[in-house]
Amino acid sequence: MFDKLKSLFAKKEADNTPEDNDDLSPFENPNFITSPDKIVNLLSEIEQSSPLCTIQIDGAPQEYNSSILGIKVEKNLIILDELVPKEGNIELQATRSLKLSTFHKGIHLSFNLSDIEMGHSRGISYYKTTLPDRIFYPQRRRAPRIEISSIDIAFNGVSERTGISVSGYLFDLSRGGAGIDLPVNRARVQRGDIIKNCQISFEDYVMDFDFAVRFVKPTSPNLPKVQLGGFFENLSSKSQSKLSYFITSLERVEIRKQKN
């Protein structure tokens, strides 16, 4: 379903040749991208990789999560998914502005959006507004990328909709969610599904949770393997603490490797 929704916002293919990260005008602030073409290329890359994005709203009691569904260059629009937890949608509709942040190629980036409008398509809500005129994107890594796929963290759960077990391995992990490789999508998981009774294990700790699926992507048209992405739900405070500590320890290991 995620791919179908993204196809509604599909744009004409443009030349997405990767640009040199250091290709900056001497008059540009190296911490910000202001070139419209570079902004479009960067946001298009993020759309394709479908990372979870952190959403901050002035006056809101917490942070929320979303993802970029599409970039419509000809209309100068960016399309965002609904916010999770769902209470964030009420906050956003009241303020109509937000700050979005995420990581791309190991670099933290952020930008502000305002005058946000809600739209609906096939029963699914989304948000749209004009593309940002600048993106905070320092041309260096603030934190190394952690290759979770090399750690072999197994994932298990049961699809609430079909009752079929879901098993795979994590390829991405954050404090709010994860990306999962499935060798085959037997449970016919789709965007919007909830996977119940999930478990992952790290550092001799078994973490129990539910998982809200936000995207499903095939890795190849000729292979049954798919990737899921989504958010953790119903995490205990102990699990939140254990997960945060685990991610911090991985970051420290990677920093030491880089220094050596």
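The values are calculated or read from the model by the stated rules, or taken from the named source; none is laboratory data. Keep in mind the model is a prediction, meaning the values are calculated, not measured. Positions of Cβ are backbone-derived with ideal geometry, glycine not excepted, and every protein chain shown enters the neighbour counts. Side chains are part of the model used for accessible areas, which takes the heavy atoms of the whole protein and leaves out ligands, DNA and RNA. Shrake-Rupley method; radii C 1.70, N 1.55, O 1.52, S 1.80 Å.
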Just to verify a number: FRET efficiency for Thr162 and Glu87, C-beta to C-beta distance, R0 = 35 Å, to 0.05? 0.80
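Once you order the gyration tensor axes a ≥ b ≥ c over the Cα atoms, which shape class does region 72-212 get: rounded for a/c under 1.5, otherwise prolate or oblate by comparing a/b with b/c? Mind showing how you got there, number by number?
On the way: a/c = 2.29, a/b = 1.40, b/c = 1.64.
Taking the square roots of the gyration eigenvalues as a ≥ b ≥ c, region 72-212 is oblate.
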18 Å cut-off, amide nitrogen to a point 7 angstrom out along Ser201 Cα→Cβ, residues in region 225-253: 239, 242-243, 246
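Counting only protein heavy atoms and a 1.4 Å probe, tell me what percentage of region 182-255's accessible area is made up of carbon and sulfur.
47
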Mind checking the full-extension length gain between Ser125 and Arg186? Use 0.36 nm per residue of separation minus the Cα-Cα distance, one decimal, nm. 19.2 nm
Report the extension gain between Asp37 and Ser241 in nm, rounded to one decimal, defined as 0.36 nm multiplied by the number of residues separating them, less their alpha carbon distance. 69.4 nm
By the Kirkwood definition, with r running over pairs of different Cα atoms, region 146-259 has a hydrodynamic radius in Å of 14.5
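Indicate the gyration tensor shape class of region 32-136 (rounded, prolate or oblate), computed on the Cα atoms with a ≥ b ≥ c the square roots of the eigenvalues: a/c under 1.5 is rounded; otherwise a/b larger than b/c is prolate and the rest oblate. All intermediate terms of the calculation are to be shown ahead of the outcome.
Working: a/c = 1.56, a/b = 1.31, b/c = 1.20.
Prolate shape, in that a/c is at least 1.5 and a/b is the bigger ratio.
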